[in-house]
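Peer 1: Let me give you the structure first, and then I'll get to my questions.
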Amino acid sequence: MEFLSYLISGISLGSVYAIIALGYTMVYGIAKMLNFAHGDVIMVGGYISFCAVSYLGLPGWLALILAMAVCTVLGIVIEGLAYKPLRSAPSLAVLITAIGVSYFLQNTALLIWKAAPKVYPSLIPATNAQGEVNALQLFHGQLSISYISLLTMASCVVIMIALTLFTGKTKMGKAMRACSEDKGAAQLMGINVNATISTTFAIGSALAAVAGVLLCSSYPTLQPTTGSMPGIKAFTAAVFGGIGSIPGAFLGGLLLGIIEALAKAYISTNLANTIVFAVLIIVLLVKPAGLLGKYVPEKV
Amino acid sequence: MASILKVDNINVYYGSIHAVKDVSFEVNEGEIVTLIGANGAGKSTTLNTISGLLHSRTGSITFLEEPLDKVPCHKVVSKGLALVPEGRRVFLQMTVQENLEMGAYTQTGKNIAQDLDTIYALFPRLKERMKQIAGTLSGGEQQMLAMGRALMSHPKLLMLDEPSMGLAPILVEQIFEIIQNLHKAGTTILLVEQNAAAALSVADRGYVLETGKIVTSGTGRELLASPAIKKAYLGG
């Protein structure tokens, strides 16, 4: 029973990683760049929803929508101002710019919201007004799953299914796949590659906002660096699953969360991150393209 | 015959390399025109410049009386100009049908199902493999897919870049048969080929490119008969 409860907390944490990793992997798949500022968009989503609830008194769901809207715009602006001018620049220049954007966002947050951590008002608090726990009790109360965990896992599954349908069935989604394979050929079809890249950033950033709200709802301390560690972990998850692959990001995120939770529970809290990254290294040694990634040799 | 495409003195550079020098030619409605020449003569560069993938530094390109120079690449196809690029460049991880749908990307609100049927009638092999991932097709099938994909946009001018490249002789024959059928059905074609004999035998007119310049032009028959062309390109 103890194991089950650790496993579920791992899946819940992994769901957050997966949602963030989906943003990483989509942007990589289409723009062929690692957007290291992605983690900090999560943090911005957290602060926006925090302000919406604490200062404007909006209900949680409305705060979430507001955070998604702000992050979507932020994603488009970051792409347009920082990355678009570098479209034909060497990939190292883009990478360094992404790190710069990351620091820019963190320090702007530091200026606006200061360094002291904020206590985040969870979307579903641990206990309700009557003092009852907001959790699903199973096996006569031996296993308790908080509603926020359930919501996190459900959101992840819904987002995964929605993205799969979007890229598989819609015209825009198929155009994205075409761009990710061959931008020149995509343009010859009449696909506006720049607009497609912007849309990808918009979707990725909206997902980052969702991840921010869910993450802070489970781990309620919010500070300017809140997004960096989950961002790095989610990047790891994306590589783990096979960067560029949507199911890969989902699988990688879940596995990473589970490994982290189990390592914390049974081995050592301090060593958990070390173990997570050790597993990544082992997987990449055996499968260099990640679990579900395809190694595509260049055709000559 | 009305001129459909007019290329006037274009100069294209890759960095400091002057790849296309003062090239001018014309394609009239209903014609098959071919650009022939050796590897590196600037044939593909010329086609890529017309389709907007590359830009000319000087000169002008007019398509259906409209200047094409400032039109971004993704807007060229909706003007009625489609390119089947060199090396086919089909979307290898997408299915045959999805590739064709991408060809119809600009055909919003039109009857795509009917166009798919037309393409499948033209290329029965593609119909058999419609659900297959394009990466699993043979080279000849990929070439047919690339042509079908371009035709989905209802081009007024179809540009083909080395459609016979890397194909077995029997497939080359098939591809040229298809080109002639498309021509009979009323499509205007600009064909770039290294296989000069095959290209000239189907073309109304041809231009010969050498190191970025047009050195000769004439009807397909004239060029086929010209001793200089025979010596340089036709192996005899």
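The numbers here are math on the coordinates, done by the rules we state, and not lab data. What you are looking at is a predicted structure, and each value in this text was computed from that prediction instead of being measured. For neighbour counting, all protein chains shown are included, and Cβ atoms are generated from backbone atoms with ideal geometry for every residue, glycine included.
Peer 1: What nm distance separates the two modelled labels at B:Lys127 and A:Arg87, each placed 7 Å from Cα along Cα→Cβ?
Peer 2: 4.0 nm
Peer 1: Something else now. Roughly how big is the protein assembly as shown's charge dipole about its Cα centre, with Cβ charges of +1 (Lys, Arg) and -1 (Asp, Glu), in debye to the nearest 20?
Peer 2: With only Lys, Arg, Asp and Glu charged at Cβ, the dipole is about 400 debye.
Peer 1: On to the next question. Please quote Rg/Rh for chain B to two decimal places, taking the Kirkwood radius as Rh and restricting both calculations to Cα atoms.
Peer 2: Rounded to two decimals, Rg/Rh equals 0.96.
Peer 1: In addition: With bins 5 Å wide starting at 0, give me the P(r) of segment A:185-300 over every alpha carbon pair, in whole percents.
Peer 2: Spelled out per bin, shortest first, that is 2, 10, 14, 18, 19, 15, 10, 6, 3, 2, 1, 0.
Peer 1: Report the charge-dipole magnitude of segment A:132-282 in Debye, nearest 20, computed about the Cα centre from +1 at each Lys and Arg Cβ and -1 at each Asp and Glu Cβ.
Peer 2: Charge dipole, segment A:132-282, about its Cα centre: 340 debye, nearest 20.
Peer 1: For a label point 7 angstrom out from the Cα of B:Lys75 toward its Cβ, which stretches of segment B:107-140 have the backbone nitrogen within less than 20 Å?
Peer 2: B:107-109
Peer 1: Could you work out the helix-only [θ] at 222 nm for chain A, with each DSSP H run of four or more residues adding -39,500 (n - 2.57) and the total divided by the number of residues, to the nearest 500 deg cm²/dmol?
Peer 2: -23500 deg cm²/dmol
Peer 1: Something else: Over chain B, what relative contact order in percent results from Cα pairs under 8 Å that are six or more residues apart?
Peer 2: The value is 27 percent.
Peer 1: Please name whichever of A:Met229, A:Met189, A:Thr164 sits farthest to the positive end of the charge dipole of chain A, dipole taken about the Cα centre and charges placed at Cβ: Lys and Arg +1, Asp and Glu -1.
Peer 2: Among A:Met229, A:Met189, A:Thr164, the one farthest towards the positive end of the dipole of chain A is A:Met189.
Peer 1: Moving to a separate point now. Over all directions, how big on average is the projection of the convex hull of the alpha-carbon atoms in chain A, in square nanometres?
Peer 2: 17.3 nm²
Peer 1: Moving on to the next point. Can you give the extra length, in nm with one decimal, that the chain gains between A:Asn270 and A:Ile76 once fully stretched, where that is 0.36 nm per residue apart less the Cα-Cα distance?
Peer 2: 66.1 nm
Peer 1: Hey, for a label at A:Met1 modelled as a point 7 Å past Cα toward Cβ, could you say which residues of segment A:134-153 have their backbone N under 17 Å away?
Peer 2: Only A:135-146 fall inside the zone, counting backbone N under 17 Å.
Peer 1: Can you list, bin by bin at 10 Å, the percent of alpha carbon pairs in segment A:5-46, starting at 0?
Peer 2: 27, 44, 25, 4
Peer 1: How do A:Leu4, A:Leu285, A:Leu64, A:Leu58 rank when sorted from fewest to most other Cβ atoms within 10 Å of their own Cβ?
Peer 2: Ascending Cβ contact count within 10 Å gives the list A:Leu285, A:Leu4, A:Leu58, A:Leu64.
Peer 1: Next question, about the same structure. Sort largest first and round to whole Å: the equivalent ellipsoid semi-axes of segment B:191-236, each the square root of five times a Cα gyration tensor eigenvalue.
Peer 2: 13, 12, 10
Peer 1: A further question follows. For the pair B:Asp117 and A:Ile65, what calculated FRET efficiency results from E = 1/(1 + (r/R0)^6), where r is the Cβ-Cβ distance and R0 = 41 Å, to the nearest 0.05?
Peer 2: Taking R0 as 41 Å, the efficiency between A:Ile65 and B:Asp117 is 0.40.
Peer 1: Using the number of other C-beta atoms within 10 angstrom as an exposure proxy, rank A:Tyr55, A:Tyr103 with the fewest first.
Peer 2: Ranked by crowding around the Cβ, least crowded first: A:Tyr55, A:Tyr103.
Peer 1: While we're on this one: Starting with the fewest neighbours, write out A:Thr25, A:Thr274, A:Thr152 ranked by other beta-carbon atoms found within 10 Å of each beta-carbon.
Peer 2: Starting with the residue having the fewest Cβ neighbours, the order is A:Thr274, A:Thr152, A:Thr25.
Peer 1: Let me ask something additional. Can you give the FRET efficiency to the nearest 0.05 for A:Asn107 and B:Lys230, using r as the Cβ-Cβ distance and R₀ = 60 Å?
Peer 2: With R0 = 60 Å, the Cβ-Cβ based efficiency is 0.25.
Peer 1: How far is it, in nm, from the label point at A:Val157 to the one at A:Ala115 when both lie 7 Å from their Cα along the line to the Cβ?
Peer 2: Using points 7 Å along Cα→Cβ, the separation is 4.3 nm.
Peer 1: With each pseudo-label sitting 7 Å past Cα toward Cβ, what's the B:Gln93-B:Ser138 distance in nm, one decimal?
Peer 2: 2.7 nm
Peer 1: From largest to smallest, what semi-axes in whole angstrom does segment A:1-94 give when each is the square root of 5 times an eigenvalue of its alpha carbon gyration tensor?
Peer 2: Each semi-axis is the square root of five times an eigenvalue, giving 29, 22, 9 Å.
Peer 1: In segment A:1-37, whose amide N lies under 15 Å from the spot 7 Å out along Cα-to-Cβ of A:Thr164? List them in ranges.
Peer 2: Counting backbone N atoms under 15 Å from the label point, the list is A:19, A:22.
Peer 1: Quick one: putting +1 on the C-beta of Lys and Arg, -1 on the C-beta of Asp and Glu, what dipole do you get for chain A around its Cα centre, in Debye to the nearest 20?
Peer 2: 640 debye
Peer 1: Here's another thing I want to ask about it. Rule-of-thumb check for the protein assembly as shown: C-alpha Rg over 2.2 N^0.38 Å?
Peer 2: For the protein assembly as shown, the normalised Cα radius of gyration is 1.18.
Peer 1: What percent antiparallel are the DSSP beta bridges of segment B:136-236, to the nearest 5?
Peer 2: Of the beta bridges lying entirely in segment B:136-236, close to 55 percent run antiparallel.
Peer 1: Under 16 Å from the Cα of B:Lys75, which lysines turn up, not counting those fewer than eight places away in the same chain?
Peer 2: A:Lys183, B:Lys156
Peer 1: So which of A:Lys171/B:Lys79; A:Lys174/B:Lys127; A:Lys114/A:Lys264; A:Lys32/B:Lys43 end up more than 24 Å apart by C-alpha?
Peer 2: Among A:Lys171/B:Lys79; A:Lys174/B:Lys127; A:Lys114/A:Lys264; A:Lys32/B:Lys43, the Cα-Cα distance tops 24 Å for A:Lys114/A:Lys264; A:Lys32/B:Lys43.
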